[in-house]
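Below is one structure, written out as structure tokens; the observations come after it.
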Amino acid sequence: TSHVNPTAVGSGYELLGSLMHEAGHAAHYANISHPSPLFSQERAPFSTSYAESQSMFLESLVDDVAWRGRYARDRDGQEVPWQLLEEEIIASHPLAALSLRRMLELPYFEKALYELPDDEVTPARIQELAADIEVKIGGGPSPWPVLSVSHLLEDEMSCYYHSYVLAQMAVFQMRRYLLKEQGRIIDNPKIGAILAEKCWKPGARATIFEVVEKFTGEPLTSDAWVEKVESPLDEV
């Protein structure tokens, strides 16, 4: 769920992302076509990474300068100046690889945690393990510490976070495919129909691997994500 009021001062970038993320889930589940409700709910046998890929696809619009340029307005209805969008790209793109690595920290921490011998599962050892993972993968302490992520504290979300990594891979691959085949995503009336038919309709009958391959014609890989991260600044 999301507690965002988009009209409230200070709702912020992160909260807008949450709103779009949950809206993506809503659009997905509302468009699953199957006679059994078991195919349209977030529990097993639903593929977690498949569900998150669809929510994160809509969330990706928040970082899309074409979407911002079209819909971001001030109180007087004026468009966001291109200069501001350009400044953000210049400031953030060089850190794209670090953002990717930070996302990998939690899955690697969970893997290491569940591999610990029982006699080592102590508060001190767990804190040490989290700090080690942040240094090894992110190069130092994370501004979003591994142990601050709420998923770790909820039994239903144990070993869950790698699904976001797989989902992000899918988002980049899907966006690359749509931009190549359709030319644009923003305000393109064909996109919704394509998503509904190829991504949303199957529900729990499909896995993320099946959905992405059917959608893009290629197996799920990290290639599109890495390609974006490695892109020269003047090509972003």
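The one condition from (1) part of a helix (DSSP H, G or I); (2) open to solvent by 70 Å² or more (accessible area, probe 1.4 Å) that I133 does not meet is (2). Scanning region 158-195 for residues that are of a type in the set (G, A, S) and in a helix (DSSP H, G or I) turns up S163, A167, A170, G192, A193.
A quick yes/no check of all residues on (1) crowded, with 16+ Cβ neighbours inside 10 Å; (2) farther than 24 Å from F172 by Cα; (3) of a type in the set (F, W, Y); (4) modelled with pLDDT of 90 or more:
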{"site": "W67", "(1), (2), (3), (4)": "yes, no, yes, yes"}
{"site": "R75", "(1), (2), (3), (4)": "no, yes, no, no"}
{"site": "E87", "(1), (2), (3), (4)": "no, no, no, yes"}
{"site": "S92", "(1), (2), (3), (4)": "no, no, no, yes"}
{"site": "L113", "(1), (2), (3), (4)": "yes, yes, no, yes"}
{"site": "V121", "(1), (2), (3), (4)": "no, yes, no, yes"}
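Taken over region 144-177, the criterion of being among the basic types (K, R) and without any contact (Cβ under 8 Å) to a residue 60 or more places away in the chain is satisfied by R176 alone. Could you check region 24-60 and list, in sequence order, the residues that are hydrophobic (A, V, I, L, M, F, W, C), open to solvent by 40 Å² or more (accessible area, probe 1.4 Å) and either in contact (Cβ under 8 Å) with a residue 12 or more places away in the chain or within 17 Å of I194 (Cβ to Cβ) (or both)? Matches in region 24-60: A30, L38, F39, L58.
Looking only at region 81-91, which residues are under 24 Å from the mean Cα position of the chain (by Cα) and free of Cβ contacts under 8 Å to residues at least 24 places away in the same chain? Within region 81-91, L84, L85, E86, E87, E88, A91 meet the criteria.
Listed by position, the helices (runs of 4 or more DSSP H) enclosed by region 20-105 that each have at least 1 residues that are more than 19 Å from L233 (Cβ to Cβ) are 48-59, 65-71.
The values are calculated or read from the model by the stated rules, or taken from the named source; none is laboratory data. Treat the numbers as computed from the prediction; the structure is a model and nothing was measured. Because the Cβ atoms are built from the backbone with ideal geometry, glycine has one as well, and the counts that use them run over all protein chains shown. Keep in mind that these areas ignore ligands, DNA and RNA; they rest on the heavy atoms of the full protein, side chains included. Shrake-Rupley method; radii C 1.70, N 1.55, O 1.52, S 1.80 Å.
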